[in-house]
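The block underneath contains the structure these notes are about, expressed in structure tokens.
The values are calculated or read from the model by the stated rules, or taken from the named source; none is laboratory data. Note that the coordinates shown come from a computational prediction; the quantities given were computed from them, not determined experimentally. Cβ placement follows ideal geometry from the backbone for every residue including glycine, while neighbour counts extend to all protein chains displayed.
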Amino acid sequence: MTLEQVFDCIIIYSSQKHVENIENIIWHIKKVLEEKNYNPLLLRNEIRSNDLNRDSIISLIEKATFGIIIFDGFRPNVLFELGLLVGQGKCIIVIKSSNAEINIKTLYNLREGEDPKKKTGLTDQKFNKGFINPKLDIDKHFSDFAGTNVPNFDNLKPESLREVLNEELEKIKDCIEKYTRNSKDQQALEEPKQELYYIRSIQLSNVLMNEEKFEQSEEILSDLEESIANRDDFLKKAVYLSYALLFFRKKNYEKAIVYNNKALEIDPNFIKALVNKGVALDNLKRYDEAIQLYDKVLKIDPNDINTLNNKGVTLDNLKRYDEAIQLYDKVLKIETNNIDALVNKGVALDNLKRYEKAIQLYDKVLEIDPKDIEALVNKGVALWGLKKYDEAIQLYDKVLKIDPKDIEALVNKGVALDNLKRYDEAIQLYDKVLKFDPKDMDAYYNKACIESKKNNKDEALNLLKKAIEFDAGYKIIAKKDSDFDNIRDSDEFKDLISD
């Protein structure tokens, strides 16, 4: 599920019509921003076609803390939006691909199959084969940036962008701090609270970007809350949202809800707090309450992509898979390559045992990012559903090369090995899981299943008891699980699964 972050970054670019592979590039940028706890804003998502106008664009850019501009295509709208960012004093990252060009051809706005001669004076052959767009040269075509080191990336290998973008984000930290210090909200504070707000807000930014230990966060936020007492509502909402995000990351979902509620007391329609409270409720398995919040957001904005995806996941959790798929399809109409929707739809199809269709979606994701862990793991689940256990294991091994501590890959590989009756290897993996996370109940339960099949009754009962102590739901699962047939008639097993 996707949380809304405090700090917004607007991404400005030319569309797929004008720039090859731009959707993949945008996905990788979004991924990096989310890893850094920034909230990516895209004009196509935030502003719909029926209200795409100058005032809406200006308002959205005002909302952003900083912007990323991709020069490829060099469309007039990109230059207009860049000018707005500069005019508002925002921090800016400018990037371009190594083969960027000025796409003059698309300025003619020819419809598919239209004869270009009427608009260009050129025959179809001369226009489409003889007319070449010029390569973008920063010094020649954009003299304001002459001499500036605008970093390049390979747009056919968008994963190369990640390193470039991480470096550029590091460079503009000081700019973001300066922007925070000069904000109207901060200037409105009285001394000595003004300096305290500045210091604590920067520390908070660092905590949200994983640069400080969580143990420091509550002290920082406590001081920050004191410094904004009786002050601007916008500032208060940002602080309460920050509290909520930090508690969410600590998996303290009840406390996260408390601070989302504080933000919602100030503004009952604060979308970020509504969405994040919904995600917290989902993690507490309070699914109906989460859906009520998502529906409130969707009344405000029926095309909010994060909320459509999040509501779909909650419907999945309620086993309402067909309804969830309808939501994912709506997202994919808005954004064809939305990774979350592709993966989430695949999971819903898995649950409906439509494994081949699910694999097609995971493969589409893996074309965009061959190392996408969620797609690899879930494709393994689909292959497991098709009883292709060896192929599933190959995928889990690929994940574990990327992240040797990925719990889901370790557990799922264990299940695949179990199905191949390679019990000792499976148990080794579950033991590894419990070393990383001693409270992983799937590992205890799956080990119990294996020990039962090996006729190790006492060990199986001991492991099953641990799983049930943490989650009584395992009682229901164990009642119907044929893995426990060897010990099902024992009094101890009957006592364990009794209501």
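What about D437, is it charged (D, E, K, R) and within 33 Å of the chain's Cα centre (by Cα)? It would help to see each step written out before you state the result.
Values: charged (D, E, K, R): yes; within 33 Å of the chain's Cα centre (by Cα): yes.
Spelling it out, D437 is indeed charged (D, E, K, R) and within 33 Å of the chain's Cα centre (by Cα).
P404 fails exactly one of the following numbered conditions: (1) surrounded by fewer than 20 Cβ atoms within 10 Å (Cβ to Cβ); (2) assigned to a helix (DSSP H, G or I). What is the number of that condition?
Against the list (1) surrounded by fewer than 20 Cβ atoms within 10 Å (Cβ to Cβ); (2) assigned to a helix (DSSP H, G or I), P404 comes up short only on (2).
Listed residues A280, A256, A229, A290; which is at pLDDT below 90 and out of contact with any Cys (no Cβ under 6 Å at 6 or more places or on another chain)?
The conditions single out A229.
Need at least 3 residues that are of a type in the set (G, A, S) per element, so show me which helices (runs of 4 or more DSSP H) inside segment 271-327 make the cut, counting only ones lying wholly within it. It would help to see each step written out before you state the result.
Numbers: elements: 271-283, 287-300, 305-317.
Of the helices (runs of 4 or more DSSP H) lying wholly inside segment 271-327, those with at least 3 residues that are of a type in the set (G, A, S) span 271-283.
Please pick out the residue among D322, D329, D350 that is among the acidic types (D, E), closer than 23 Å to K387 by Cα and free of Cβ contacts under 8 Å to residues at least 60 places away in the same chain. Outline the logic, then answer.
Details: D322 fails: closer than 23 Å to K387 by Cα; D329 fails: closer than 23 Å to K387 by Cα.
On inspection, the qualifying residue turns out to be D350.
Which members of segment 382-393 meet the condition of being part of a helix (DSSP H, G or I) and closer than 15 Å to D418 by Cα? Break it down into steps so the answer makes sense when it comes.
Start the filter on segment 382-393 by keeping residues that are part of a helix (DSSP H, G or I), which leaves 382-385, 389-393.
Those that are part of a helix (DSSP H, G or I) and closer than 15 Å to D418 by Cα: L383, W384, G385, Y389, D390, E391, A392, I393.
Looking at L308, L327, L342, L315, which one is buried (at least 22 other Cβ atoms within 10 Å of the Cβ) and either hydroxyl-bearing (S, T, Y) or in contact with an Asp or Glu (Cβ under 7 Å, 6 or more places away or on another chain) (or both)?
Numbers: L308 fails: either hydroxyl-bearing (S, T, Y) or in contact with an Asp or Glu (Cβ under 7 Å, 6 or more places away or on another chain) (or both); L327 fails: either hydroxyl-bearing (S, T, Y) or in contact with an Asp or Glu (Cβ under 7 Å, 6 or more places away or on another chain) (or both); L342 fails: either hydroxyl-bearing (S, T, Y) or in contact with an Asp or Glu (Cβ under 7 Å, 6 or more places away or on another chain) (or both).
After ruling out the rest, the residue left standing is L315.
Sort out which residues of segment 444-499 are of a type in the set (D, E, K, R) and in a loop (DSSP other than H, G, I, E, B), and write them in order of number.
Taking segment 444-499 and keeping what is of a type in the set (D, E, K, R), we get 447, 451, 453-454, 457-459, 465-466, 469, 471, 475, 479-481, 483, 485, 488-489, 491-492, 494-495, 499.
Across segment 444-499, the qualifying residues are K454, D471, D481, D485, R488, D489, D499.
So for segment 124-132 (the condition being aliphatic (A, V, I, L, M) and at pLDDT 70 or above), does at least one residue qualify?
Of segment 124-132, the ones aliphatic (A, V, I, L, M) are 132.
Next cut, at pLDDT 70 or above only: 132.
Scanning segment 124-132 turns up at least one residue that is aliphatic (A, V, I, L, M) and at pLDDT 70 or above.
Going by the conditions given, is V275 within 16 Å of Y253 (Cβ to Cβ) and among the β-branched types (V, I, T)?
Working: within 16 Å of Y253 (Cβ to Cβ): yes; among the β-branched types (V, I, T): yes.
The answer is yes for V275.
Residue-by-condition table, conditions (1) touching a residue at least 24 places away in the same chain (Cβ under 8 Å); (2) closer than 18 Å to V411 by Cβ:
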{"position": "L434", "(1), (2)": "no, yes"}
{"position": "D437", "(1), (2)": "yes, yes"}
{"position": "A443", "(1), (2)": "yes, yes"}
{"position": "L461", "(1), (2)": "yes, no"}
{"position": "L464", "(1), (2)": "yes, yes"}
{"position": "G473", "(1), (2)": "no, yes"}
{"position": "F484", "(1), (2)": "yes, no"}
